[in-house]
Amino acid sequence: MPDLSLDQLNTIKQFVFKNGRLLERQLFEYFFGSGSQEACLKALMAYQNADGGFGHGIEPDITCPASSGIGAETALWIMDVLDCYESQAAAALVSWIADNQTQAGDIPHPPKQMADYPHQTWWGNPDGQRILTLAGYLKKHGVEHESLYAKARNYFVQMPQPQGMQYYDYPYYVYLKYLGDSPAESQKLQAFQARIPDLLAEHADHFPLFSRAWYLFADMATDEILESEALRLVSTIQADGGMINPYPTLPHWRPIWTLDSLILLKQFGLISVV
């Protein structure tokens, strides 16, 4: 298990507070200081709209105010690590997801007026599979919503199975893990589990199992893999307290990636502060 000294942790704190948003600062204080879940939830709700969805740049590469599928996924990830799915914010978000599903099962994308605000060009691409992650999170936390899941399944069975181990194909596998209900789907999940080493090798600079994209599959990896990846990740923390950014042209992600990874290392019991 890798160790972090108190000096190292303080350097990381300084980096997050200098470069992160209020949301990241509150999350750091909650997981590594004396902060509260309530303060984190309050910071999160600043991104929530009256319709229950999330926007306003909660996903930093889409800054428009309107709610979006990726905004919902980002909020659900934070609610997951905070374990606050019983909050009013979560209930409102579930309603937004259900209210905005099409008959095909997906969430319309791009969000309204996205083009009028700064955004990365790839968010102009289709984003239908986002519903698979949203449904997976809700099922994981025992949310009952038959019609939402039925529509999500309709989308799932119509989409082609991903080829290879592309980093952003994770929604398909999140659905398989939490909502797969046939022997064939169980076999697909088992086949994916056997390929976790391939995922880690092909996307080594992303540390998938300690990222918000793939962390839900950490319990499917061996202890040896998790320990090795944890040691490797901690070794990449730079002198300024941040991890090496796999997206150097997007520096705003560096404090987020750093904090995400440390939170997950702590939650998985793979790091100690000495």
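A short reminder: the numbers here are calculations on the coordinates, not readings from a lab. Keep in mind that what you see is a predicted model, and the values were worked out from it rather than measured. Here the Cβ positions follow ideal geometry from the backbone for every residue, glycine too, while neighbour counts run over all protein chains shown.
Tabulated data
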{"read-out": "HN-Hα J in Hz across region 107-118 - Karplus 6.51, -1.76, 1.60, θ = phi - 60°, x for Gly and Pro", "value": "9, x, 8, x, x, 4, 6, 4, 5, 7, 10, x"}
{"read-out": "Residues whose placed amide H lies under 5 Å from that of residue 54, excluding near-sequence neighbours", "value": "49, 68, 72"}
{"read-out": "Stokes-Einstein D for the chain, Kirkwood Rh over Cα pairs, 37 °C, 0.692 mPa s (µm²/s)", "value": "170"}
{"read-out": "Compactness relative to 2.2 N^0.38 Å, alpha carbon Rg of region 201-268", "value": "1.05"}
{"read-out": "Shape box of region 47-194 [Cα atoms, principal axes, largest first, Å]", "value": "44, 34, 29"}
{"read-out": "Intensity falloff of region 41-133 expressed as log10 I(q)/I(0), Debye formula with alpha-carbon point scatterers, at q = 0.14, 0.16, 0.19, 0.23 Å⁻¹", "value": "-0.45, -0.59, -0.83, -1.20"}
{"read-out": "Highest average packing first - 53-63, 226-236, 116-126, Cβ atoms within 10 Å", "value": "53-63, 226-236, 116-126"}
{"read-out": "Under the Karplus curve 6.51 cos²θ - 1.76 cosθ + 1.60, θ = phi - 60°, whole-Hz ³J(HN,Hα) for region 123-132, x wherever Gly or Pro sits", "value": "6, x, 7, x, 9, x, 5, 4, 4, 5"}
{"read-out": "Debye log10 I(q)/I(0) for region 65-119, one point scatterer per Cα, at q = 0.13 Å⁻¹", "value": "-0.37"}
{"read-out": "Residue order, fewest to most surrounding Cβ atoms within 10 angstrom, among 159, 1, 79", "value": "1, 159, 79"}
{"read-out": "Lysine pairs within the chain, Cα separation less than 18 Å, 8 or more sequence positions apart or different chains", "value": "7"}
{"read-out": "Amide hydrogen neighbours beyond the local backbone of residue 4, cut-off 5 Å, H modeled", "value": "272, 273, 274"}
{"read-out": "Residues 156, 268 arranged by fewest to most Cβ contacts within 10 Å", "value": "268, 156"}
{"read-out": "Likely footprinting exposure, 77, 96, fewest C-beta neighbours within 10 Å first", "value": "77, 96"}
{"read-out": "Nearest-20 debye value, the chain charge dipole, Cβ charges on Lys, Arg, Asp, Glu", "value": "320"}
{"read-out": "Prolate/oblate/rounded call for region 129-274, Cα gyration tensor, a/c under 1.5 rounded", "value": "prolate"}
